[in-house]
1. Return the pairs, sorted by first residue and then second, in which the second residue is among the β-branched types (Val, Ile, Thr) and in a helix (DSSP H, G or I), the first residue lies in the stretch B:447-465 and is closer than 16 Å to B:Ala272 by Cα, the beta carbons are less than 7 Å apart, and the residues are 6+ apart or on different chains.
2. Please go through the stretch A:422-452 and pick out each residue that is within 14 Å of chain B (Cβ to nearest Cβ) and surrounded by fewer than 20 Cβ atoms within 10 Å (Cβ to Cβ).
3. Can you tell which of B:Val197, B:Val260, B:Val234 is in contact with a Pro (Cβ under 6 Å, 6 or more places away or on another chain) and either over 25 Å from A:Pro459 (Cβ atoms) or not assigned by the TED database to the domain that holds B:Pro361 (or both)?
4. Can you name the number of the only condition in (1) surrounded by fewer than 19 Cβ atoms within 10 Å (Cβ to Cβ); (2) within 11 Å of another protein chain (Cβ to nearest Cβ) that B:Lys256 fails?
5. Looking at the stretch A:313-328, I want the residues that are in contact (Cβ under 8 Å) with a residue 60 or more places away in the chain and under 18 Å from A:Val361 (Cβ atoms) and have a partner that is surrounded by fewer than 24 Cβ atoms within 10 Å (Cβ to Cβ) and of a type in the set (A, V, I, L, M) with Cβ atoms under 6 Å, at least 6 apart or on another chain. Which pairs are those?
6. So which residues in the stretch B:318-342 are of a type outside the set (A, V, I, L, M, F, W, C) and within 32 Å of the chain's Cα centre (by Cα), if there are any at all?
7. Do we have any residue at all in the stretch B:343-351 that's over 30 Å from B:Val406 (Cα atoms), surrounded by fewer than 20 Cβ atoms within 10 Å (Cβ to Cβ), outside the structural domain of B:Leu243 (by the TED database) and over 27 Å from the mean Cα position of the chain (by Cα)?
8. Residue pairs, Cβ under 8 Å, 6 or more apart or interchain, first in the stretch B:318-342 and surrounded by 21 or more Cβ atoms within 10 Å (Cβ to Cβ), second in a loop (DSSP other than H, G, I, E, B) and of a type in the set (Asp, Glu). List them.
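The values are calculated or read from the model by the stated rules, or taken from the named source; none is laboratory data. Remember, it's a predicted structure, so these values are computed and weren't measured experimentally. Neighbour counts are summed over all protein chains in view; Cβ atoms, including those assigned to glycine, are modelled from backbone coordinates with ideal geometry.
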Amino acid sequence: MDPECSRLLPALCAVLVDPRQPVADDTCLEKLLDWFKTVTEAGPSLLLLQENPCLVELLFRVLKAHDPHPRVLSFSLRLAGLFAAQEDCFQYLQQGELLPMLFGEAGPLGGAAWTAPTVRSGWLQGLRSLAQHPSALLFLADCGAVDTIFSLQGDSSLFVASAAGQLLVHILALAMQSPAEGHPSPQGCDWPACAQKIVCHVEDSLHSTATPQVTQALNVLTTTFGHCHGPWTQGLWVRLSPLVACLLEKDPIPASHSLMDLLLSVARSPVGSSDCGLWETLAQTLSHLSPIQAGPLALGILKLQDCPQALKTQAFGVLLQPLACVLKAAAQSPGPPGFPEGATGDSMTVDTFLSSKSACVGLLCQALAHLELLQLLPQRPSPWPQAPLLRAAVAILRFCNGSAAPTSDVGGHLCAVLAGCVRVQRAALDFLGTLSQGTGPQELVTQVFAVLLEYLTSPDSSPTVLKKAFQATLRWLLGSPKAPSCCDLDPHTQLFLRELLPVLRKRLCSPCWEARDSGLEFLTQVTRHWGGQAAFRHALLASEVPELTRQLLRDPESYVRASAVTATGQLSSWGLYTTPTSPEHPEVQQESLFTELLHILSTDSEGFPRRAVMQVFTQWLKDGHADVAEDLEQFVARVLQVASRDLDWEVRAQGLELALVFLEQLLGHPGSRCPYAVALPEAAAPATLAQVLQALCRVQLFEFALRALFDCDRPVAQKSCDLLLFLRAKATPCGGPQEAGASPDVVSVEAALQRWQAGEQGQPLGELEPEAVMAVLRSMDLEGLRGTLAKSSDHIEKSPQSLLQDLLASVGVLGENEADCY
Amino acid sequence: MKLYCLSGHPTLPCNVLKFKSTTIMLDCGLDMTSTLNFLPLPLVQSPRLSNLPGWSLKDGNAFLDKELKECSGHVFVDSVPEFCLPETELIDLSTVDVILISNYHCMMALPYITEHTGFTGTVYATEPTVQIGRLLMEELVNFIERVPKAQSASLWKNKDTQRLLPSPLKDAVEVSTWRRCYTMQEVNSALSKIQLVGYSQKIELFGAVQVTPLSSGYALGSSNWIIQSHYEKVSYVSGSSLLTTHPQPMDQASLKNSDVLILTGLTQIPTANPDGMVGEFCSNLALTVRNGGNVLVPCYPSGVIYDLLECLYQYIDSAGLSSIPFYFISPVANSSLEFSQIFAEWLCHNKQTKVYLPEPPFPHAELIQTNKLKHYPSIHGDFSNDFRQPCVVFTGHPSLRFGDVVHFMELWGKSSLNTVIFTEPDFSYLEALAPYQPLAMKCIYCPIDTRLNFIQVSKLLKEVQPLHVVCPEQYTQPPPAQSHRVDLMIDCQPPAMSYRRAEVLALPFRRRYEKIEIMPELADSLVPMEIKPGISLATVSAVLHTKDNKHVLQPPPRPAQPTGGKKRKRPSDDIPDCKVLKPLLSGSIPVEQFVQTLEKHGFSDIKVEDTAKGHIVLLQEAETLIQIEEDSTHIICDNDEVLRVRLRDLVLKFLQKF
């Protein structure tokens, strides 16, 4: 601890125990504890206590106080725990009998303060920190803390209850690995008393008829198997698994969620891999639980690395059951083969479907979400029943939009329940989108596109459903195979596109802005991937979509304008954006897209469209867009000029990004090289370099970057700093410092920079000579600036001194107020 | 209580309720779908329509060729269009006491009822309903009268002839009762019989029942009705909406605790969500206009059009349509647009508050001010000077059989650039288009029906919990085209009672109580006796006086006094004989105590037997039975009157007399 803090500490301790000066804000105490934690971890606590006797005194005084504030009491308990984590310090505190007074029955345990949850929580956390060594175990046994922890498991405060459970696990693990006990046998007859006590308590709880107690025991065990991997856990499972099995035989199964968590936790631990009984238990559980409860367990089983194939098949069957049920209900006649055996829509699932709308919707959404997760995993079941899953997803979507015509009773019921259900529609569309990673028989893929088109067309699709439908369509389109003969789109896709574009056109005219926005996003993505495909280009140009997109640049909704900017930018990159000529005067060319976007950048009142414009411009520069290449310098100069005035820091930062791309194109890529390492001049010959610098001066890139260097938004300044460092590294060989010296130019630039730094941004730099700029750059401590900028803005305020001063000051202010009042 | 169902159309109902000696007609909707069988009435001479070939029977018999014409593969009646009236034979309509109107669409048959059936009663409706109803009738009469047609076809209606006709003429029902449109005089006379009412106003009908209109949220001034007596309540729900459109929201709470709820006027398109349809309307409109095409919207002059104009007001700028003219053509266009702005108290809260700003509640005022929306009484006159294309035209009639819309169909039908967008759900758009086929113009069907859908109905029924629900039969089964959609029907417990045209339903509840007032002086004379805590009894001797369905107990007249100048006694003045009444008994006999009393009085050898209804006390010695039941006690002894009287007195000791 630094001396300044040591000096402040006594005053602080005095303030903390002063009942007249309550600490108003317990985040200060939390910060203080964090700091003490780093201090105790860095050095011996004993020394700390000896050097700062005020700390022990603080603990004593809190104990003696008549009615200590719960926050301070809780803080003291936790602080004592932190100190006592080191065994020598523990002994030191024991000498003063301080620990029993804090944690024993004489302490807050029985007092009025115990009613405050924060005190109980502090007590538990203090013990959690303290329990690090064998002496602590003895202490816990002596003061009877374990029994208190047992009772706190059922505390009304969830934080306290959860902390109690975790503390038990921690004590159990500590007891079992304690060197004093050697290596305990897995059987448990020679387990240390403390461990025995905890395990017996867990056993008793498992026998209990009260579900909360069973839940507590199961949670303790789940944490144990999740965190402890010693050989003794094997013994623990051998001892407790019969009790767990008994729970599974009850009807209904108590605390089924916690039970499933436990089984999965055991299965994931080393215990699982060696215990065959566990797999049987899991199999039994799967078949006993209701479909909605079994879902998460089945998914957990399928995520396990090594588990028997039979169990995996069973678990997969559980996940597939709801979909199998849907398929069966939707079938007009016995159709093509469905899911593998074990997933044939059993009566329990059907019952759930029929019981209520919410149960039916819940089960379907859960099944779809689980299968979607599973599909992405490397260990997903193989063979993956792609075709029946596709059929099921299509069937669900048809139930939801009312286009299914089932003949069975269950089908009729599903139809009534699911019609217009947005939740299921969203889940099914997401799932269908994920299924696009696989293929399917052409006839099914046709059905998929048909149902997607129904959703895109239907006026009843809600905005979120429409968005999902667009996303799923995009995934299926991009996943569709190319025609074998040429590299163009296959005929089915072309056919679909012809139907899709009129729908997209209509969506772009929708009065609902979300629909317009989703449509534009879709257009951007498709164009990004297919802008080069002749069939797509042909279909798109024949549709009205590009003109409508241009129209939407003036949409009243800023999100839509931003999406329209991105879309037109993308279309233009692929030459799909034709500037329309006005019908009355075909000879008059309307303004180019660049001018139009620049207009948005300089006038739009919302940030989103302006940011989108900057991104489009940066992309155009990278791609060498025709409009840009025409007059590169003019393009960069105009964009930077507008961007530098923007109020939105993201736009300014994007401007620097564009400037960097421009620099890279002129000077070569910074590549993987450290940006501020001295670069060798091989990238550009000196003659060229001079021309480059001239060009940079012409587009006023220096002025833009130097202004940004003193930007009030840190990310902008950082980006600018990086850019200037890159430039300096590249340009160093061009002219030494002696050339420009202290020319009048340099002096005026430096003066301007000083004014900017002081916040006077008004004055421009005017015409600059490259040499002067380079001289200024060389004279600046850019590396230092970069270091400062890299630190977070509160790095000064975060120091421990500042924390202690703040605490004192806040109390001090209180004192002054008191003086004023009386 | 009986319900006479005069109309089979679920959204254009006409029912008569007989309730407590009153006869109440609930709505009188006019089924105009019959007009679809007729040729359109062109406003401007149409060579196509005037040169259609006559239709002849298969055997070449051409006696109908003047009346029936073939057009686009269908056969139409070439005559003044006729409407299908509500049933007039089921009940003598001159006995109807009052007619309750729930909204302006449901009163179009009113002149037929009030002017031609001997009706002498009163019609109740809210002011906007009457005013806008008048506009609708005026428009209808105007549309039909301004294209005079000499011919009125009747040969085809002959039953034997009709059988030989092609569909749909062959299947048309009740053609003999179809009538031509009424005249403006009849409209005025019918409307003069209307008495205006406000929401929640209580109207007494002959002292027997009270009727109250409630806001139904569907249209300006639209109402549901509560018909109640002191102990019975019937709710009549017709054309209600829970969506936030322009009218005042629906009053659901007042419908609670009904014995019977008559439910009509649900959405005709249960699968179409109005929001989605409005979106569809706007997108298609924009796409057509953008391509240089015109948009035709066949519509009524009031109702959804206000909401459509409001949507367009917000939409046209964003869709770049600000330069496109919108035309609203109807003989009543001006009145409709202006009426909508003056009924502030009938509007939803948002629109009401605008009035205080002060701003017009509907934004179409601004569209008119800025010349974006223009309205004309017809295509003749100013309109032809201002007409500019591409444009959007709102005009009637949605059946496409009369009105200015006929002209636009003829004008624009040939170009695929143009679009006709159907927003009114009352007519099948394919049938409406039949005489215009083949049609190059695009047709978009986006029916906007804001009335309750089945999900909303099931929530409503759960909330208001009526004992019985009565509805048209169409609502008790899924739509014929979607027989698997069991969600598209009313699902309630007990199942709804359904009705169809020309059916009489006995409503399933009996009246059990009637309220009777006691005159104060009579009440003063009563001496109630508490027989158990909270319940007191008193005997009353009085004269029950019944007049105007009110019942009053008056003190019995004093013993006869000379009646002065009256020569003849009226029967009601008869004085009932006041016999000396036996006291009334109450209470119950505790068997054990009774037995003890008997023993005290010297009876022995007493046996008590329990029976299903009570006890039998057996006095074996005296050969006597005392049968004690809940509501009677019998002493059965063999000709020993002294013993019987003794026993009777013992029994009476346990009972209270008054």
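1. B:Ile448/B:Val278; B:Ile448/B:Val304
2. Selection gives A:Val422 alone.
3. Testing whether each residue is in contact with a Pro (Cβ under 6 Å, 6 or more places away or on another chain) and either over 25 Å from A:Pro459 (Cβ atoms) or not assigned by the TED database to the domain that holds B:Pro361 (or both) leaves just B:Val197.
4. (2)
5. Here the result reads A:Cys325/A:Val350, each pair linking the stretch A:313-328 to a residue that is surrounded by fewer than 24 Cβ atoms within 10 Å (Cβ to Cβ) and of a type in the set (A, V, I, L, M).
6. If the condition is that a residue be of a type outside the set (A, V, I, L, M, F, W, C) and within 32 Å of the chain's Cα centre (by Cα), then B:Ser330, B:Pro331, B:Asn334, B:Ser335, B:Ser336, B:Glu338, B:Ser340, B:Gln341 are the ones that fit.
7. yes
8. B:Ser318/A:Asp555; B:Ser318/A:Glu557; B:Ile329/B:Asp404; B:Ser330/B:Asp404
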